[in-house]
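The values are calculated or read from the model by the stated rules, or taken from the named source; none is laboratory data. Quick caveat: nothing in here was measured; it's all calculated off a predicted structure. A quick note on method: Cβ atoms are made from the backbone with ideal geometry, for glycine too, and the neighbour counts reach across all protein chains shown. Calculation scope for accessible area: heavy atoms of the full protein, side chains included, ligands and nucleic acids excluded. Shrake-Rupley method; radii C 1.70, N 1.55, O 1.52, S 1.80 Å.
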Amino acid sequence: MRKALRGVLSLAVLIGTVSATGASAGAATAAEPAAKQSSGISSESSSEDIKDRILAVPGMSLVEEKPYPGYRFFVLNYTQPVDHKHPSKGTFQQRITLLHKDTNRPTVFFTSGYNVSTNPSRSEPTQIVDGNQVSLEYRYFTPSRPAPADWSKLDIWQAASDQHRVFTALKRIYSQNWLTTGGSKGGMTATYFERFYPKDMDGVVAYVAPNDVVNDEDSAYDRFFARVGTRECRDRLNGVQREALVRREPLEERFAAYAAENGYTFDTVGTLDKAYEAVVMDYVWAFWQYSLLADCDSVPADAPNATDQEIWDSVDGISGFSAYADQGLETYTPYYYQAGTQLGSPDIRQPWLGGLSRYGYQPPRTFVPRSIPMKFQPSAMRDVDTWVRNNARHMMYVYGENDPWGAEPFRLGRGAKDSYVYTVPGGNHGSKVAGLAADEKARATAAILRWAGVAPAAVEADPAKAKPLAAFDARLDRRDDELQRNPGTLRP
């Protein structure tokens, strides 16, 4: 699943930094079930500092603490087995961040499915429930990579087991309800965690999570691109993409100069020509992933008569010409490995290109060094899809109407209970609960509060009254860290 990450996606949700003793926290705590209020567990009432309690967890070590008003924010390392089935066969250090508010508040377990940001931030569910947040770096993304790396131990079960182990260790401190969340590959990660450890979390909020059940059947994406947006916008995008291949020779000369100037090499993909075409083939997908229909005005309307510079700028601004250089790919080797072994990846036809493509939509194997063996496991996603349809409990999926990754979504079957799928009208890959229609936003917010055990009595009686318990904080609630937004690379 190559994904375009360049866009415009800051759906900032304002969340205030209300302290643990503030009115928001107090009101929410008062709404918690009596059993939770009487539990008597509170780090704030303990004489032991929260940092000491966290560092008392076996295998936990402090990298640094950063100040933020109303919170304690820790960057940590946690010792994990390379292989959870054989813990004695080596360990590695996995990076974690912890945004601490109060042990009497619920905790949100966040993962992007990629690297973790070491700056304080809150996911949307964390703002909604006014809670703590534990954020986990996905295994094999540096520095959370064993040395040497046994790539066969990078799979969805091992990653879910990382989360399970972190949760088990921290649940002793954060004893209230836990939710897991993430966007895109992070939403997939939250889903896989629930599939393998369904007793851990009290709820799952998965944003824009792709679900490539049958890797070789991708017609849903072709249908999506045939109708997304408007005909005028599609024609503009298709025209620029086609023209970039028509003008391959002069634009590749420009690409070669650009690569030389920046020290880019192409050993992994093999040639500059393959890297150039991969960027161009991503162009239409990349636009819809991170742009909105209104952004079509920035796309050249008459591509055949546009200058080379205009075509270059449009492709570079949306797909990013550094994407498939070795230097652009290196960080994302774990993603491409997983796409080629378990997750699957889309293959779209793009008939408007005629016979101009030399390589087609290139598979993940192209973007992983040949020294790393890969073998696809077709049963992995079928297993997860079947489980979600038949066993989902307290699970929520939020998609964007105009996001290509939503063309193959998770669906709920008759066995699902108290679970929901929502779609943001006109939304892209940054879609959130905040973007839903008013009635759906209230119902989704009410469910999240209920699963977290902090729904006020008024919301329990009338979900239409639901709203986030924490006020918006423009710095803390930036959504940029929730999705990997490397310029020009198409990945979820």
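General remarks:
- Share of alpha-carbon pairs per 10 Å distance bin for segment 177-301, given as whole %: 10, 27, 28, 23, 10, 2
- Theoretical gain in end-to-end length, TRP352 to VAL63 [0.36 nm per residue, Cα-Cα removed]: 98.9 nm
- Hull volume in cubic angstrom per residue (convex hull over the Cα atoms of segment 114-265): 214
- Of all DSSP beta bridges in the chain, antiparallel share, percent nearest 5: 50
- Note, ³J(HN,Hα) from phi for segment 48-64, Karplus 6.51, -1.76, 1.60, rounded to Hz, x at Gly and Pro: 8, 5, 4, 4, 5, 5, 5, 6, 6, 5, x, x, 9, 9, 8, 8, 6
- Within the shell of other residues whose beta carbon sits under 9 angstrom from the beta carbon of ILE311, the net charge comes to -3, with Lys and Arg scored +1 and Asp and Glu -1.
- By the rule of a C-alpha distance below 30 Å, with chain neighbours fewer than 8 residues away ignored, the lysines paired with LYS274 are LYS3, LYS153, LYS185, LYS375.
- Cleavage-rule hits (GluC sites (Glu not before Pro)) in segment 192-298: DSSP loop, at most 12 neighbouring Cβ within 10 angstrom: GLU217
- Among VAL116, THR97, PRO87 the positive-end extreme of the charge dipole of segment 85-124 (Cβ point charges): PRO87
- Within the full protein context, the accessible area of HIS86 is estimated at about 90 Å² for a probe radius of 1.4 Å.
- Protection-proxy order for peptides 182-189, 156-163, each taking the mean of Cβ atoms within 10 Å per residue, highest first: 182-189, 156-163
- In loop segments of segment 395-445 as defined by DSSP, the trypsin sites (Lys or Arg not before Pro) with at most 13 further C-beta atoms inside 10 Å of their C-beta are ARG414.
- Degrees, to the nearest 10: 185-196 long Cα axis against longest axis of the chain: 50
- Taken over segment 390-448, the percentage of Cα pairs per 5 Å bin, counting from 0 up to the bin with the maximum distance, is 4, 21, 27, 22, 19, 7.
- Amide hydrogen neighbours beyond the local backbone of VAL421, cut-off 5 Å, H modeled: TYR397
- 37 °C / 0.692 mPa s Stokes-Einstein diffusion coefficient of segment 89-163, Kirkwood radius on C-alpha pairs, µm²/s: 246
- Share of pairwise Cα separations in the chain, more than 37 Å, in percent: 28
- When the Cα positions of ALA294, SER357, SER219 are compared along the charge dipole of the chain, SER219 comes out farthest toward the positive end, with charges on each C-beta of Lys, Arg, Asp and Glu.
- With all protein chains in place and a 1.4 Å probe, the accessible surface of the chain carries 50 percent carbon and sulfur.
- Cα gyration tensor category, rounded, prolate or oblate, for segment 193-236 with a/c compared to 1.5: oblate
- P(r) tail fraction, segment 261-307 - alpha-carbon pairs more than 17 Å apart, %: 55
- Per residue, the accessible area of segment 417-461 comes to 36 Å² when a 1.4 Å probe rolls over the protein heavy atoms.
- Diffusion coefficient (Stokes-Einstein, Kirkwood radius over C-alpha pairs, 4 °C, 1.567 mPa s) for segment 347-492: 69 µm²/s, rounded to a whole number.
- For segment 340-422, the convex hull drawn through the C-alpha positions has a volume of 132 cubic angstrom per residue.
- Note on segment 160-244: the alpha carbon radius of gyration divided by the globular reference 2.2 N^0.38 Å gives 1.63.
- Subtracting the Cα-Cα distance of GLU401 and THR168 from their residue separation scaled by 0.36 nm leaves 80.2 nm.
- Summed residue charge, Cβ within 15 Å of PRO87's Cβ, Lys/Arg positive, Asp/Glu negative: +2
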